[in-house]
Amino acid sequence: MPTDPAQDRPREKILISPRYLAASLPNDHRQLLDVFAEDSTWSAHTDESSVTVTSPCQRITIRHDQSAVGQGAHLVISARTDEEAPERWRTDVSGNVPIELVARLISTLAHELASDPDHVVYGIGTEHGLLELYVDADVWNYFEDSGLSGFISHDGHAAVVNRAVDSPTPPIHGDASITWHLAASPEDLGHLWDISLTDKTPPFLMHAVVAEALDPRPTLRSTTFPVPAVVAPLVTIQRAPSPSPRPSAQPPHDGPPRSPEPKRTPKTR
């Protein structure tokens with residue numbers, strides 16, 4: 001049976017900005033998790049509406065529950081000291097979170113777990129260098145008020161919020177253990193997505209997802225994961241430039257290549 005030539009062509013790449021509004025459907029998160037499970041040594045258990053992917057050490061689980069979509073967190077990353085122990089820290093993903101943020105969470109977690117499991121679970125050891133955030137003042141405004149601090153996008157559509165454990169403000173989602181909260185809520189749409197991290201979540205994981213969200217550059221994405229129509233009026237989408245062809249080792253037909261000018265030796269005193 002002949003195949004469709006279009007199926008063999010690589011998917012087009014697009015640039016989406018701002019990246020915090022480059023929403024993805026919860027089903028895209030499920031596809032991403034399925035691919036991760038297939039390509040890694042983590043095990044996967046699937047039932048009617050959910051899939052749970054478990055680390056080889058049995059201490060980290062990533063669960064995607066399609067039945068929870070619209071009701072709360074549909075993707076939850078949990079850490080325990082052993083398989084039967086109570087939860088030590090948790091990261092919740094709700095709504096149409098950009099798939100790049102979910103990918104960054106999963107890849108960062110898997111990489112660090114493979115190199116230093118105790119650092120991931122217990123927070124034992126030190127971070128690999130100082131964790132710094134690049135924040136573009138042309139895109140984000142800093143705020144600090146009543147135990148909350150963080151950044152709000154200039155358009156008011158997104159925020160990254162840090163809540164101190166002893167803050168007098170009401171707990172985020174009614175959970176006092178949540179100390180970091182990333183969210184997008186455009187005025188015309190209401191709640192679009194959010195990510196919450198509890199207080200014992202490793203700093204490197206928090207840093208990875210916050211840095212991804214604050215990045216002012218457009219998101220580069222395959223059209224395999226299109227932007228939902230509901231946010232299309234709020235984002236700018238451009239076709240990504242095609243990669244430049246590799247230079248040929250063969251000289252052009254009109255003669256041998258010219259030799260570059262010799263580099264001048266710097267003068268010294």
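Taken as a whole, segment 172-193 holds at least one residue that is in contact with a Gly (Cβ under 7 Å, 6 or more places away or on another chain), closer than 16 Å to Leu101 by Cα and surrounded by 20 or more Cβ atoms within 10 Å (Cβ to Cβ). Within segment 64-82, residues that are under 15 Å from Asn27 (Cα atoms) sit with their Cβ atoms under 6 Å from residues that are modelled with pLDDT of 95 or more and assigned to a loop (DSSP other than H, G, I, E, B), at 6+ positions apart or across chains, in these pairs: Asp65/His74; Ala68/His74. In the set (1) in contact with a Ser or Thr (Cβ under 9 Å, 6 or more places away or on another chain); (2) among the β-branched types (Val, Ile, Thr); (3) at pLDDT below 95; (4) within 21 Å of Ile16 (Cα to Cα), Val235 fails one condition alone, (3). Annotation: of all residues in segment 143-165 being among the β-branched types (Val, Ile, Thr) and free of Cβ contacts under 8 Å to residues at least 40 places away in the same chain, the one that is surrounded by the most Cβ atoms within 10 Å (Cβ to Cβ) is Val161. Taken over segment 148-184, the residue count meeting the criterion of being part of a loop (DSSP other than H, G, I, E, B) and within 21 Å of Leu214 (Cα to Cα) is 5. Looking at Gln58, Gln71, Gln31, Gln66, which one is more than 29 Å from Val230 (Cβ to Cβ) and either polar (S, T, N, Q) or touching a Leu at 6+ places or on another chain (Cβ under 9 Å) (or both)? Gln58 is the lone residue from the list that is more than 29 Å from Val230 (Cβ to Cβ) and either polar (S, T, N, Q) or touching a Leu at 6+ places or on another chain (Cβ under 9 Å) (or both). Residues that are within 30 Å of Gln58 (Cβ to Cβ) and either touching a residue at least 12 places away in the same chain (Cβ under 8 Å) or among the basic types (Lys, Arg) (or both): does segment 166-173 have at least one? Taking every residue of segment 166-173 in turn, at least one turns out to be within 30 Å of Gln58 (Cβ to Cβ) and either touching a residue at least 12 places away in the same chain (Cβ under 8 Å) or among the basic types (Lys, Arg) (or both). For segment 2-16, check the following and say yes or no: at least one residue is crowded, with 16+ Cβ neighbours inside 10 Å and either polar (S, T, N, Q) or in a loop (DSSP other than H, G, I, E, B) (or both). No; the residues of segment 2-16 include none that is crowded, with 16+ Cβ neighbours inside 10 Å and either polar (S, T, N, Q) or in a loop (DSSP other than H, G, I, E, B) (or both).
Please indicate, with yes or no, whether at least one residue in segment 187-202 is in a strand (DSSP E or B) and free of Cβ contacts under 8 Å to residues at least 40 places away in the same chain. Spell out how you get there, then give the answer.
Just the residues of segment 187-202 that are in a strand (DSSP E or B), to begin with: 193-198.
From the residues that got through so far, the ones that are free of Cβ contacts under 8 Å to residues at least 40 places away in the same chain too are none.
There is no residue in segment 187-202 that is in a strand (DSSP E or B) and free of Cβ contacts under 8 Å to residues at least 40 places away in the same chain.
Give segment 1-30 a look and list any residue that's at pLDDT below 95 and either among the acidic types (Asp, Glu) or farther than 22 Å from Ile99 by Cα (or both), or say none. Answer for segment 1-30, where residues must be at pLDDT below 95 and either among the acidic types (Asp, Glu) or farther than 22 Å from Ile99 by Cα (or both): Met1, Pro2, Thr3, Asp4, Pro5, Ala6, Gln7, Asp8, Arg9, Glu12. Can you name every residue in segment 215-230 that is among the hydrophobic types (A, V, I, L, M, F, W, C), surrounded by fewer than 21 Cβ atoms within 10 Å (Cβ to Cβ) and either within 13 Å of the chain's Cα centre (by Cα) or under 16 Å from Pro18 (Cβ atoms) (or both)? Leu220, Val230 - these are the residues of segment 215-230 that are among the hydrophobic types (A, V, I, L, M, F, W, C), surrounded by fewer than 21 Cβ atoms within 10 Å (Cβ to Cβ) and either within 13 Å of the chain's Cα centre (by Cα) or under 16 Å from Pro18 (Cβ atoms) (or both).
The values are calculated or read from the model by the stated rules, or taken from the named source; none is laboratory data. Everything numeric here is computed off the predicted structure, so don't read it as measured data. Ideal geometry is used to build each Cβ from the backbone, glycine not excepted, and the neighbour counts take in all protein chains shown.
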